[in-house]
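Have a look at the structure below before the remarks.
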Amino acid sequence: MTHRDKETKYYRAKERVDNLKKFYTSLLSYVLFIAFLAGVNYWLDQWNYPWFLWAAFGWGIGLVFQAVKVFGYNPILGKDWETRKMNELMKEDEEQEKWR
């Protein structure tokens, strides 16, 4: 393994750790803030109208998209789809270059 390969792997791992850290920070903020809003909602009207759920739902959607990005879960295209597709397209380009 060359020095460049090790360096590339290091930067990829560092980027992934940074993304995980941001996600967990966002998750903690979500839990604390929604709990605070639920407390305020209960204090004001004993949950006659649970309006804090609107904030939980809206912010939760964003959190789900962030989790999908961080953990690489893509139920539609599958794992490593992008890499496989890039390799396929590069192979097609190489074959076309042969005929020119």
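State which residue pairs qualify: first residue closer than 18 Å to Tyr30 by Cα and at pLDDT 80 or above and inside the stretch 57-83, second residue of a type in the set (Phe, Trp, Tyr) and not in a helix (DSSP H, G or I) in any location, beta carbons under 9 Å apart, and separation of 6 or more residues or different chains.
Close Cβ pairs satisfying both conditions: Ala67/Tyr73.
Among residues belonging to the stretch 18-76 that are outside any helix (DSSP H, G or I), over 18 Å from the mean Cα position of the chain (by Cα) and among the hydrophobic types (A, V, I, L, M, F, W, C), point out the one that is surrounded by the most Cβ atoms within 10 Å (Cβ to Cβ). Let's see the steps before the verdict.
Here is the first cut: in the stretch 18-76, the ones outside any helix (DSSP H, G or I) are 46-51, 72-76.
In the following step, the residues that additionally are over 18 Å from the mean Cα position of the chain (by Cα) were identified as 46-51.
When the remaining residues are screened for being among the hydrophobic types (A, V, I, L, M, F, W, C), the result is 47, 51.
Working: Trp47: 13, Trp51: 15.
Once the filter is applied, the top-ranked residue is Trp51.
The values are calculated or read from the model by the stated rules, or taken from the named source; none is laboratory data. The shown structure was predicted, so the numbers you read here are calculated from the model rather than taken from an experiment. As a convention, Cβ positions derive from the backbone with ideal geometry for all residues, glycine included, and neighbour counts pool all protein chains shown.
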